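Student: One structure coming up, written as structure tokens, with questions to follow.
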């Protein structure tokens, strides 16, 4: 385990070290002090424990790495993530995993607004609540919410599947509640197991696209 102290090293030096590491290497990052862009652009299967709170864009563009943040994360967590796993033991601010293409993001606490905006294949599991406009224009992947969801969930959604255990304040345009079939229960069970969330699949409801906004229709202009 290699320890990197951000009191002694810059974020640039940290990221250069992590980006050049070999698969299987392990790192511990200390004294983060809410710094921005910590552990971004990793391209190999390294393990990184970040001990403390982080600011904007932590773990952005991640590929293959397994990153654990023992604290809270600011806006843009795991933005454009491609693969690997990112876990936050605390809360995450707005637009977590925006435009992310793959991998698994686990937020053990709450997520703020626009969680999973324009997600493109990532799987996101939130142990607590999520804010308004989450999964806006979400294209593919899964968003699992073990708590409650805010206003306009899934607005203008494409084919992302949303599973919510708690209450939904309101659904966005073209998002509806859908049947929970066997394949969805199997998928949800696997995601809960991967993220170490101990809830039963029968506690969740599924939401997704009504597919009415795929093509513009003047008779539905008020829905846009």
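The values are calculated or read from the model by the stated rules, or taken from the named source; none is laboratory data. Predicted model only: the values in this text are computed from it and were never measured. Reconstructed Cβ throughout: ideal geometry from the backbone, glycine too, with neighbour counts over all protein chains shown.
Student: Determine whether the range 136-150 contains at least one residue that is within 11 Å of the chain's Cα centre (by Cα) and assigned to a loop (DSSP other than H, G, I, E, B).
Tutor: no
Student: Taking into account only those residues within the range 64-83 that are more than 12 Å from the chain's Cα centre (by Cα) and part of a loop (DSSP other than H, G, I, E, B), which is nearest to residue 15 (Cα to Cα)?
Tutor: Here the residue is 65.
Student: Working only within the range 158-217, note down all residues that are touching a residue at least 24 places away in the same chain (Cβ under 8 Å), in a helix (DSSP H, G or I) and more than 13 Å from residue 145 (Cα to Cα).
Tutor: 187, 194
Student: Another question, if that's okay. Condition (residue is under 16 Å from the mean Cα position of the chain (by Cα), surrounded by 21 or more Cβ atoms within 10 Å (Cβ to Cβ), assigned to a loop (DSSP other than H, G, I, E, B) and on the phi < 0 side of the Ramachandran plot) applied to the range 45-54: is it met by at least one residue?
Tutor: Within the range 45-54, not a single residue is under 16 Å from the mean Cα position of the chain (by Cα), surrounded by 21 or more Cβ atoms within 10 Å (Cβ to Cβ), assigned to a loop (DSSP other than H, G, I, E, B) and on the phi < 0 side of the Ramachandran plot.
Student: Residues being surrounded by fewer than 22 Cβ atoms within 10 Å (Cβ to Cβ) and either farther than 14 Å from residue 154 by Cα or touching a residue at least 60 places away in the same chain (Cβ under 8 Å) (or both): count how many of those fall in the range 107-126.
Tutor: Within the range 107-126, residues that are surrounded by fewer than 22 Cβ atoms within 10 Å (Cβ to Cβ) and either farther than 14 Å from residue 154 by Cα or touching a residue at least 60 places away in the same chain (Cβ under 8 Å) (or both) number 5.
Student: Got a number for residues in the range 6-57 being closer than 12 Å to residue 69 by Cα and in contact (Cβ under 8 Å) with a residue 40 or more places away in the chain?
Tutor: 1
Student: Ok, one more. Could we say that residue 163 is at pLDDT 95 or above and touching a helix residue (DSSP H, G or I) at 6+ places or on another chain (Cβ under 6 Å) here?
Tutor: yes
Student: Checking the structure you have, find out if any residue of the range 116-126 is part of a strand (DSSP E or B) and within 20 Å of residue 37 (Cβ to Cβ).
Tutor: Yes; the residues of the range 116-126 include at least one that is part of a strand (DSSP E or B) and within 20 Å of residue 37 (Cβ to Cβ).
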